[in-house]
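The structure appears right after this line, and notes come after that.
The values are calculated or read from the model by the stated rules, or taken from the named source; none is laboratory data. In this text the structure is predicted, and so the values were computed from the model without any measurement. Every residue, glycine as well, gets a Cβ built from its backbone with ideal geometry; the counts of neighbours run over all protein chains shown. Calculation scope for accessible area: heavy atoms of the full protein, side chains included, ligands and nucleic acids excluded. Shrake-Rupley method; radii C 1.70, N 1.55, O 1.52, S 1.80 Å.
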Amino acid sequence: IPGLDTSRPTVGYISNLGEREGHVVLVEAVAELRQRGVPVNCVIVGDGPMRPAIESAVANQSLEGQVFVTGPVPHAEVKDYYACLDVFVVPRLDDRAARYTTPLKPFEAMAMRIPLIVSDLPALLEIVGEGGERGKAFYCGSPSSLADRIQETLADSEKTSLVVDEAHRWVREERQWAHNAPRYREAFEAASATRR
């Protein structure tokens, strides 16, 4: 990414830039970290209706050169953007879909051994584990809480490494399509049996 300062850790999110995704919370957390003397890069990959608001937040916080909004990228290059991230953040806001729909991108981050931080919504807590064994959760909508979790993740590399290992193991054993198909079949058969 042109202009990315590789001497700083990089946090980010890869998704559509829709209203529920909470990218502005991530931008505000980066601004708070800078105020604390913990400068990080932020890379937001994707496009959508919230892109102007995200870019305005970057400008309002004077974060040009620290926060990069790439716009859409070719699918074949997405893995390269994952590779530049030290922390993957899912800052989703609280709405019905966000509470009950699990996004796929966190699983990709876990498979690539990237530490994960998510909003404390039910569908996302299921991914990181209620006890945080596979990642960290922050108070939904709170830039300060997100900044705390990012700071903790970057500060304790030993603990973060253990969490990343567990996340990688879990996603390989529990969230592969080959494992999900039998579970869906069992659920559909059980539902069909109750209708007879």
Please count how many residues of region 82-105 are modelled with pLDDT under 95, open to solvent by less than 20 Å² (accessible area, probe 1.4 Å) and assigned to a helix (DSSP H, G or I). 1
Condition met for V43 (in contact with a Lys or Arg (Cβ under 7 Å, 6 or more places away or on another chain), touching a residue at least 24 places away in the same chain (Cβ under 8 Å) and within 19 Å of P2 (Cβ to Cβ)): no
Of these, I117, I127, which one is part of a strand (DSSP E or B), open to solvent by less than 30 Å² (accessible area, probe 1.4 Å) and among the aliphatic types (A, V, I, L, M)? I117
Conditions (1) under 15 Å from S15 (Cβ atoms); (2) in a loop (DSSP other than H, G, I, E, B); number of the one not met by A109: (2)
May I ask you to list the residues in region 137-178 that are part of a loop (DSSP other than H, G, I, E, B) and within 16 Å of the chain's Cα centre (by Cα)? Y139, C140, G141, S142
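Test of understanding: among E55, E28, E77, E64, which residue is assigned to a helix (DSSP H, G or I), touching a helix residue (DSSP H, G or I) at 6+ places or on another chain (Cβ under 8 Å), open to solvent by 60 Å² or more (accessible area, probe 1.4 Å) and within 24 Å of D5 (Cα to Cα)? Walk me through how you get there before you give the answer.
Details: E55 fails: touching a helix residue (DSSP H, G or I) at 6+ places or on another chain (Cβ under 8 Å); E77 fails: touching a helix residue (DSSP H, G or I) at 6+ places or on another chain (Cβ under 8 Å); E64 fails: assigned to a helix (DSSP H, G or I).
Checking each option against the conditions leaves just E28.
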For the structure I just gave you, tell me whether T153 is surrounded by fewer than 17 Cβ atoms within 10 Å (Cβ to Cβ) and of a type in the set (V, I, T). no
